[in-house]
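In what follows, a structure is listed as structure tokens, so that the remarks can point back to it.
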Amino acid sequence: MRVEDCTVSVERRSLQACVDLAIVFVRDSAEAMFRLWLLCAVPACVLVWVLSSWLTDMLIPSILIFLFFSAVFNALLAAAIGPRVFGEELSVRGAIRAFRRRFWAWLLLTSLVRFFQFLSGFCFVLPGLFVTAYTAYLPEVLFLEQAKLKAVQPRKPKSNKFEDGSQ
């Protein structure tokens, strides 16, 4: 991947333009995204089905299974979409390969983020929203930037002004 081959222009977009880009992206890579989704959804459903045949109270285990597999899906999706920005095709194998390379760092970061979301959730909803807003995308940054675990940190907005003076 080379930066000079980037196919996405970085510019301020309206909500309508973002939705249009998302629709075009999903239309172009729906098959690979569907395979990634199946890779996570089928094991999650089978696991809940098997556990529900043994246990009677399945709410908490089902929520935990969903949280785990949704985090895996988010990571696989980020690992697949990152190279797409540089013109490569969306690849399920490439996403799995990138996920395996960064698995332990992802597991540590995801566990920390989910743990703090869990703790702050007991303090009503508002503190949980702050923790989620501050840390929610850290595991995805790990895949998109291919940074070391120590270098992954939340982004701080610098200013709302562009270089040409517009806002």
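A few comments on the model shown:
- Hey, Leu59 surrounded by 12 or more Cβ atoms within 10 Å (Cβ to Cβ), farther than 15 Å from Pro83 by Cα and modelled with pLDDT under 90 or not: no
- Among the residues making up the stretch 95-137, those that are aromatic (Phe, Trp, Tyr) and open to solvent by 40 Å² or more (accessible area, probe 1.4 Å) are Phe103, Trp104, Phe115, Phe116, Phe118, Phe122, Phe124, Phe130, Tyr134, Tyr137.
- Complete set of residues in the stretch 21-38 that are open to solvent by less than 80 Å² (accessible area, probe 1.4 Å) and free of Cβ contacts under 8 Å to residues at least 60 places away in the same chain: Ala22, Val24, Phe25, Val26, Ala30, Met33, Leu36, Leu38
- Among residues of the stretch 39-56, those that are closer than 20 Å to Val72 by Cβ and open to solvent by 100 Å² or more (accessible area, probe 1.4 Å), counted: 1
- The stretch 62-87, residues that are under 16 Å from Phe25 (Cβ atoms), of a type in the set (Gly, Ala, Ser) and open to solvent by 30 Å² or more (accessible area, probe 1.4 Å): Gly87
- Residue satisfying all of: in the stretch 97-120; part of a helix (DSSP H, G or I) and in contact (Cβ under 8 Å) with a residue 40 or more places away in the chain; nearest to Val131 (Cα to Cα) among these: Arg114
- So Leu90, is it closer than 20 Å to Val141 by Cα, surrounded by 10 or more Cβ atoms within 10 Å (Cβ to Cβ), of a type outside the set (Val, Ile, Thr) and touching a residue at least 24 places away in the same chain (Cβ under 8 Å): yes
The values are calculated or read from the model by the stated rules, or taken from the named source; none is laboratory data. These numbers were taken from a predicted model, which means no experiment stands behind them. A quick note on method: Cβ atoms are made from the backbone with ideal geometry, for glycine too, and the neighbour counts reach across all protein chains shown. Quick note on the areas: whole protein, heavy atoms, side chains included, nothing else; ligands and nucleic acids left out. Shrake-Rupley method; radii C 1.70, N 1.55, O 1.52, S 1.80 Å.
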